[in-house]
1. Determine the calculated [θ] at 222 nm for the chain from helices alone, applying -39500 (n - 2.57) to every DSSP H run no shorter than 4 residues and normalising by the residue count; nearest 500 deg cm²/dmol.
2. Below 8 Å between Cα atoms, with a sequence gap of 6+, how large is the relative contact order for the stretch 121-167 in percent?
3. Most mobile of Q106, Q371, Q229 per a Gaussian network model of the chain (Cα springs, under 10 Å)?
4. What list of ³J(HN,Hα) couplings, whole Hz, do you get for the stretch 215-220 from phi and the Karplus terms 6.51, -1.76, 1.60, once you set θ to phi - 60° and write x for glycine and proline?
5. Where both residues lie in the stretch 74-175, what percent of DSSP beta bridges are antiparallel, nearest 5?
6. Can you work out ³J(HN,Hα) from phi for every residue in the stretch 174-182, in order, using Karplus 6.51 cos²θ - 1.76 cosθ + 1.60 and θ = phi - 60°, giving whole Hz and x for Gly and Pro?
7. DSSP loop chymotrypsin sites (Phe, Trp or Tyr not before Pro) in the stretch 96-170 with at most 13 other Cβ atoms within 10 Å of their Cβ, which ones?
8. Using the Karplus curve 6.51 cos²θ - 1.76 cosθ + 1.60 with θ = phi - 60°, what ³J(HN,Hα) values do you get for each residue of the stretch 185-197, in whole Hz, with x for Gly and Pro?
Amino acid sequence: MIFKLTEEQEMLRNMVRDFAEKECGPTAAERDEKETFDRSIFDKMAELGLTGIVFPEEYGGAGADYISYAIAVEELSRVDASVGVTLSAHTSLGSNPIYKFGTEEQKQKYLVPLAEGKKMGAFGLTEPFAGSDAGGTRTTAVLDGDEWVLNGTKIFITNGGEAEIYVVFAMTDKEAKPKHKGISAFIVEKGTPGFTFGKKEHKLGIRSSPTMELVFDNCRIPKENLLGQLGEGFKIAMVTLDYGRIGIAAQALGIAQGAYEAALNYAKERKQFGQPIANFQAIQFMLADMATEIEAARLLVYRAAYLASQGVRISKEAAMAKMYASDVAMKVTTNAVQIFGGYGYTREFPVERMMRDAKITQIYEGTNEIQRVVISANILKE
Ligand code: CAA
């Protein structure tokens with residue numbers, strides 16, 4: 001085991017850190033306050049080769065490994081978790097299922113512009129009655145001649161409204177037993193008649209990342225936009241989420257790192273009782289716990305990312321990384337606010353935003369309770 005990043009990975013970290021601090025940091029608080037998404041940040045990430053980081057160069061990607069991808073999401077989230085999830089959802093939810101399950105034609109038509117960042121991707125799985133129970137999908141797709149006709153509603157869709165390409169899951173066989181074998185995956189383009197956007201969510205955190213409802217009302221898409229095999233949709237969703245959870249784990253890690261650094265610097269500067277508060281053991285112990293737990297989370301995240309690049313099944317490792325890193329993010333950001341005291345509770349410092357942003361990492365791409373279901377199912381099978 002070599003606990004050392006490669007030179008390329010270190011260079012990437014420096015590049016993304018610099019980008020995040022210069023291009024995202026100065027406007028992060030304002031975008032959070034106003035709930036505004038800034039597409040130009042995504043365009044700049046495309047110029048840096050981040051939008052297709054893990055995909056081969058022949059598909060417009062940068063051909064890097066999953067550790068590099070995790071580092072990129074981590075560094076963006078260290079400064080602005082909304083930007084981190086934009087890249088994560090675009091890459092692992094919107095683009096990766098097309099890379100993994102698409103035909104050559106689908107890859108040329110959809111993956112190439114996604115990887116090049118000319119288009120943005122999103123993933124439509126969750127529904128009002130199908131959240132943790134992803135197999136409970138009610139959206140339907142019926143074949144009519146050479147077209148699939150989609151009807152239904154998807155909710156809580158990250159990059160919704162902004163993305164041009166959506167991987168959407170729908171029931172194609174209501175009689176299938178077990179029911180998940182009746183679900184199929186489709187590629188749907190923004191602008192297709194019958195596909196509109198509903199409610200925009202107003203959220204506690206990641207407020208500059210758009211979260212929208214997708215509405216399909218007799219939306220007709222070409223027959224060839226079926227992704228993978230008929231009835232293979234649930235498996236596609238599960239495999240996609242295995243990779244997606246590395247992105248969320250990296251996002252959580254970045255949020256924790258950002259809050260820890262802010263708290264550490266503040267503790268060294270803030271004076272009470274005639275001395276920096278970093279001199280007090282109560283603060284020192286909080287910093288020690290933060291630093292240790294962040295390192296433990298980083299090892300889990302990078303290990304899951306390393307395995308992802310080996311092409312082996314990573315359900316357990318990704319779930320462990322996502323569950324642990326998100327819990328660390330919540331704890332670290334809460335204690336960072338504590339170290340900042342009254343100031344930490346105001347919008348004058350970024351730690352309150354980080355604490356609000358951290359919460360979603362325990363919820364999306366599978367709640368941490370679902371991660372425990374995945375982990376225990378895997379360890380009992382081993
Ligand atoms: N890889 C491959 N196949 C898998 C798999 C995986 N990781 N997980 C399950 N499968 C297969 C199983 O082998 C099984 O196949 P067979 O029928 O052929 O045996 C089939 O799928 C069904 O598996 P389960 O019986 O385990 O399925 P289940 O209905 O009990 O559900 C679950 C399992 C883990 C609870 C799953 O529903 C789940 O992950 N739920 C959470 C959904 C989720 O994460 N949603 C997040 C939405 S996206 C989001 O949040 C995006 C965002 O905003 C950024």
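1. Details: 12 runs with 182 residues, N = 382.
Calculated mean residue ellipticity at 222 nm is -15500 deg cm²/dmol.
2. Details: 65 pairs, mean separation 23.8, N = 47.
Normalised by residue count, the contact order of the stretch 121-167 is 51 percent.
3. Most flexible of the set in this elastic network: Q229.
4. These are the phi-based 3J(HN,Hα) values: 10, 10, 10, 6, 7, 9 Hz.
5. Values: 6 of 11 bridges.
Antiparallel bridges: around 55 percent, rounded to the nearest 5.
6. Each residue of the stretch 174-182 in turn: 5, 8, 4, 10, x, 4, 5, 6, x Hz.
7. Numbers: sites: Y99, F101, Y110, F123, F129, W148, F156, Y166, F169; in loops: F129.
Loop-located and lightly packed - F129.
8. 10, 9, 9, 10, 8, 4, x, 5, x, x, 10, 10, 10
Bear in mind that the values in this text are calculations on the coordinates, not laboratory data. In this text the structure is predicted, and so the values were computed from the model without any measurement. Backbone-built Cβ (ideal geometry, glycine too); neighbour counts: all protein chains shown.
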